[in-house]
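Colleague: The structure under discussion is supplied below as structure tokens; questions concerning it will follow.
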């Protein structure tokens, strides 16, 4: 094809001017080359096959089993072998009909990724937290029993260990901070039991929060993630692991293009501590923070709505000693801009205890830098997941705060309350009739605005005591009473 020589408009005289033919040709070739380079840089890869073939051996399938105690509800007593013979005859029950009183095994599926040749594997805490047995299957069909080295419910990460026959292929950590919205990513996992499933998409967002924990900083992706993908890796095009797939947002339980992964930089720090200590030690600042809305930014004379607005300062905590006050907006931590409020808890948590940090804050329109010594976070200084675990054992439910995003998605008009996310089968909560999606407004006749308040009200519950719930379901409110185990 013959391209015409380009022309330009001389805006001084309003006429088109033909440039020198040689200069025009060189300019045209340069423009076409740069244009082609730009298109190549932004175009999707021709195939993910080579990447998938290389990385799949580093991804494992995880199968767990949990022994669930049989319910002792009146309905199931009819089939209980412990029932006296005369009553069984009266109800016409055969003597071998006792399946409902047997303990049952519950199985679940998940994924994991190998990070060392000698068998260390990263997965999600929720994949293994209640498991009695954990089985790991490699791509070569070798199977191993796994033990838990450490768990961190706050970031939903867990470290497992197997003893392989030979050295294992390993995944390398990437720098998740370098990810940009729009970058290509690839997920490998075990969705619905379909082993070694490969999906691809882009980074849809960064710094996402689902309202279920203080250290959320999720990578959002439209790469298909489904139940069973939990704990599997999210790779960049260099073959580096940039995230651990953890959650999906869905109204029907399946993928709708909104998946979430724990950033690799967060995971790397947590996994290092789990490997060395079996637990995670976090830094503590001693402030309650909230986002800076455009309206608040205008009031505080800020050009952008960034930073973490301090709403409360813990007396004698690190922030209090450093001179931070309610109303201050923390805009930088150790030189890193706090573009989103969710960044600050993670940056503080990853800072070594006892080390000095520098905080830049805005106070009454002026910037101020303050030195601060980071203290150690104690378990009772945040809503403890141990209390959540105990609540799950006693009552049989898991909960989370009601965020505006979740309220909108579920069509809930309430602005406060505690949302039930899981009801364990055969638990007191299930026997009483509580359901996933119920919004708890009161517990033992006391209002509960959030999970922290709910956990405080439920502290010290005694075995076999009676508790009450006031909940909203489908726009209507009602009371539920149940007796603890």
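The values are calculated or read from the model by the stated rules, or taken from the named source; none is laboratory data. Note that this is a predicted model, so its numbers are computed, not measured. So basically every Cβ, Gly included, is an ideal-geometry build from the backbone, and we count neighbours across all protein chains shown.
Colleague: Checking the condition assigned to a loop (DSSP other than H, G, I, E, B) and buried (at least 23 other Cβ atoms within 10 Å of the Cβ), which residue from 230, 224 passes?
Modeller: When all the criteria are applied, what remains is 230.
Colleague: Same structure again: Go through (1) touching a helix residue (DSSP H, G or I) at 6+ places or on another chain (Cβ under 8 Å); (2) surrounded by fewer than 20 Cβ atoms within 10 Å (Cβ to Cβ) for residue 268 and report which single condition fails.
Modeller: The single condition residue 268 does not satisfy is (1).
Colleague: In segment 439-454, how many are closer than 16 Å to residue 415 by Cα and either at pLDDT 90 or above or in a strand (DSSP E or B) (or both)?
Modeller: Within segment 439-454, the subset closer than 16 Å to residue 415 by Cα is 439-442, 447-454.
Still in the running and either at pLDDT 90 or above or in a strand (DSSP E or B) (or both): 439-442, 447.
Selection size over segment 439-454: 5.
Colleague: Looking at (1) farther than 30 Å from residue 437 by Cβ; (2) within 15 Å of the chain's Cα centre (by Cα), can you tell me which one residue 294 breaks?
Modeller: Every listed condition holds for residue 294 apart from (2).
Colleague: Kindly state which strands (runs of 3 or more DSSP E) lie completely within segment 151-219 and contain at least 3 residues that are within 21 Å of residue 135 (Cβ to Cβ).
Modeller: Because the criterion is at least 3 residues that are within 21 Å of residue 135 (Cβ to Cβ), the strands (runs of 3 or more DSSP E) in segment 151-219 that meet it are 157-161.
Colleague: Select the helices (runs of 4 or more DSSP H) contained entirely in segment 248-360, then report the ones holding at least 1 residues which are free of Cβ contacts under 8 Å to residues at least 24 places away in the same chain and in contact with a strand residue (DSSP E or B) (Cβ under 7 Å, 6 or more places away or on another chain).
Modeller: So the answer is 294-299, 343-349.
Colleague: Kindly evaluate residue 244 against the criterion of being crowded, with 23+ Cβ neighbours inside 10 Å and either in contact (Cβ under 8 Å) with a residue 40 or more places away in the chain or outside the structural domain of residue 401 (by TED's automatic domain parsing) (or both).
Modeller: The answer is yes for residue 244.
Colleague: Something else: Could you say whether any residue in segment 165-179 is buried (at least 17 other Cβ atoms within 10 Å of the Cβ), within 19 Å of residue 119 (Cα to Cα), assigned by TED's automatic domain parsing to the domain that holds residue 127 and over 19 Å from the mean Cα position of the chain (by Cα)?
Modeller: yes
Colleague: Same structure, new question: In this structure, does residue 297 turn out to be out of contact with any helix residue (DSSP H, G or I) (no Cβ under 8 Å at 6 or more places or on another chain) and outside the structural domain of residue 322 (by TED's automatic domain parsing)?
Modeller: No; evaluated as a whole, the condition is false for this residue.
Colleague: Before we move on, is residue 102 modelled with pLDDT of 95 or more, assigned by TED's automatic domain parsing to the domain that holds residue 247 and out of contact with any strand residue (DSSP E or B) (no Cβ under 7 Å at 6 or more places or on another chain)?
Modeller: The answer is no for residue 102.
Residues checked against (1) in contact with a strand residue (DSSP E or B) (Cβ under 6 Å, 6 or more places away or on another chain); (2) touching a residue at least 24 places away in the same chain (Cβ under 8 Å):
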| residue | (1), (2) |
| --- | --- |
| 140 | no, yes |
| 143 | yes, no |
| 152 | no, yes |
| 168 | yes, yes |
| 175 | no, yes |
| 185 | yes, yes |
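Colleague: Would you confirm whether or not segment 455-466 contains a residue that is assigned to a strand (DSSP E or B), under 17 Å from residue 477 (Cβ atoms) and either at pLDDT 85 or above or in contact with a strand residue (DSSP E or B) (Cβ under 6 Å, 6 or more places away or on another chain) (or both)?
Modeller: There is no residue in segment 455-466 that is assigned to a strand (DSSP E or B), under 17 Å from residue 477 (Cβ atoms) and either at pLDDT 85 or above or in contact with a strand residue (DSSP E or B) (Cβ under 6 Å, 6 or more places away or on another chain) (or both).
This table checks each residue for (1) at pLDDT below 85; (2) under 30 Å from residue 350 (Cα atoms); (3) surrounded by 14 or more Cβ atoms within 10 Å (Cβ to Cβ).
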{"position": "371", "(1), (2), (3)": "no, yes, no"}
{"position": "403", "(1), (2), (3)": "yes, yes, yes"}
{"position": "409", "(1), (2), (3)": "yes, no, no"}
{"position": "412", "(1), (2), (3)": "yes, no, yes"}
{"position": "426", "(1), (2), (3)": "yes, no, yes"}
{"position": "434", "(1), (2), (3)": "no, no, yes"}
{"position": "471", "(1), (2), (3)": "no, no, yes"}
{"position": "478", "(1), (2), (3)": "no, no, no"}
